[in-house]
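S.K.: Next up is a structure, given as structure tokens.
The values are calculated or read from the model by the stated rules, or taken from the named source; none is laboratory data. Remember, it's a predicted structure, so these values are computed and weren't measured experimentally. Virtual Cβ from ideal backbone geometry, glycine too; neighbours counted across all protein chains shown. Surface accessibility is based on the protein's heavy atoms, side chains included, excluding ligands, DNA and RNA. Shrake-Rupley method; radii C 1.70, N 1.55, O 1.52, S 1.80 Å.
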Amino acid sequence: MTSSTSLNYTNLRDIWYTMIGIPGLEDTHIWLSIPICSMYIVAVVGNTSLILLISTERSLHEPMYFFLSMLALADIFLSTVTIPKVLAIFWFQAGGISFASCVSQMFFLHFVFVTESGILLSMAFDRYVAICYPLRYINILTPSVIRKMGTASVTRSFFICFPLIFLVYRLTYCGRKIIHHSYCEHMGIARLACDSIKVNIYYGIVVALFSICLDVVLIIVSYVLILCAVFRIPSRDAQLKALSTCGSHVCVILLFYTPVFFSSLAHRFGGHSIPEHVHILLANLYVVLPPSLNPIIYGVKTKQIKERFVQVFSLNKALC
């Protein structure tokens, strides 16, 4: 009885966890940190440059680019919430984290992720209006409407993710201190508890259904309507021009959602056939790979952004 009692924590502030990074790949942490650190630098520099470019260039003050700046800001937060701690684990074996810090990281990770999903849905609506109602585009997507859509994405995410804090705080923790991951997420914390976590599991499913899955369904509906409108255009060149405006957004959508659904399906149906380190490595990649590639995709595939970047770079080169 004494040993059992000694394992129960009455004060959650006394709990400290140790994150071990990527289980089974501890010897390669230094090598793995090189591409992850490189992608993180690209994500921060690229998205910051994109935000500055959109905010300073009046020719880019259009609904599409305002949504893009929201996405860039979300990308910076998504990678910054996790990657610095990942690198600290890889470089310095600094895996120690308090319960409160772990829960904070968990909340902001899920909050930013759901917010970004909402922004991608807003961008799909933007493309739908631009192609299906081109003459009313500016009148429909006014600055006020854009602000409300951005606020709605953040507000929805907050109310969906905030209960996660209470769901992990209500559990009893009794001595399990090792987190087999490189950052804290909801089910990872819940599985360290000694209580039943059925409520956590059910709420996690509800969150996935009414945020990520719902967003994906609405994005698909938007693009079905877009394709229907495009195929009604008699000119082949006009069809290709209309579709080309969606190219960057489609690439970003696939980059954002594909790893999430692959990881989710692998967890549920892959069983033990997929090694744990593959799951954890993939989890690390999908918080840093999309943020690092998104500004590159938009920079390469969006003519206006590419031209502005070239102009700014040429001007800076001339001044030097």
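S.K.: Can you name the residue in the range 104-158 that is of a type in the set (S, T, N, Q) and surrounded by 15 or more Cβ atoms within 10 Å (Cβ to Cβ) and is also nearest to Phe66 (Cα to Cα) among such residues?
M.R.: Top of the filtered list is Ser122.
S.K.: Name the residue, out of Arg136, Arg127, Arg147, Arg156, that is of a type outside the set (A, V, I, L, M, F, W, C), outside any strand (DSSP E or B) and closer than 19 Å to Gly247 by Cα.
M.R.: Arg127
S.K.: Do you know which of the residues in the range 91-105 that are touching a residue at least 40 places away in the same chain (Cβ under 8 Å) and either touching a His at 6+ places or on another chain (Cβ under 7 Å) or aliphatic (A, V, I, L, M) (or both) is nearest to Thr18 (Cα to Cα)?
M.R.: Ile97
S.K.: Another question, then. I'm trying to understand the selection: among the residues of the range 159-203, which are open to solvent by 30 Å² or more (accessible area, probe 1.4 Å) and in a helix (DSSP H, G or I)?
M.R.: Hits for the range 159-203 are Phe159, Phe162, Pro163, Ile165, Phe166, Tyr169, Met187, Lys198, Val199, Ile201, Tyr202, Tyr203.
S.K.: A follow-up question, please. State all residues of the range 204-239 that are of a type in the set (Lys, Arg) and surrounded by 13 or more Cβ atoms within 10 Å (Cβ to Cβ); if no residue qualifies, say none.
M.R.: Scanning the range 204-239 gives no hits.
S.K.: Of the residues that make up the range 155-163, is at least one more than 30 Å from Pro63 (Cα to Cα), more than 17 Å from the chain's Cα centre (by Cα) and in contact (Cβ under 8 Å) with a residue 12 or more places away in the chain?
M.R.: For the range 155-163, residues more than 30 Å from Pro63 (Cα to Cα), more than 17 Å from the chain's Cα centre (by Cα) and in contact (Cβ under 8 Å) with a residue 12 or more places away in the chain: present.
S.K.: What number of residues in the range 227-259 are in contact with an Asp or Glu (Cβ under 9 Å, 6 or more places away or on another chain) and more than 17 Å from Thr302 (Cα to Cα)?
M.R.: Pass one, the range 227-259, residues in contact with an Asp or Glu (Cβ under 9 Å, 6 or more places away or on another chain): 249, 256-257.
Imposing the further condition that a residue be more than 17 Å from Thr302 (Cα to Cα) reduces the set to 256-257.
Of the residues in that region, 2 qualify.
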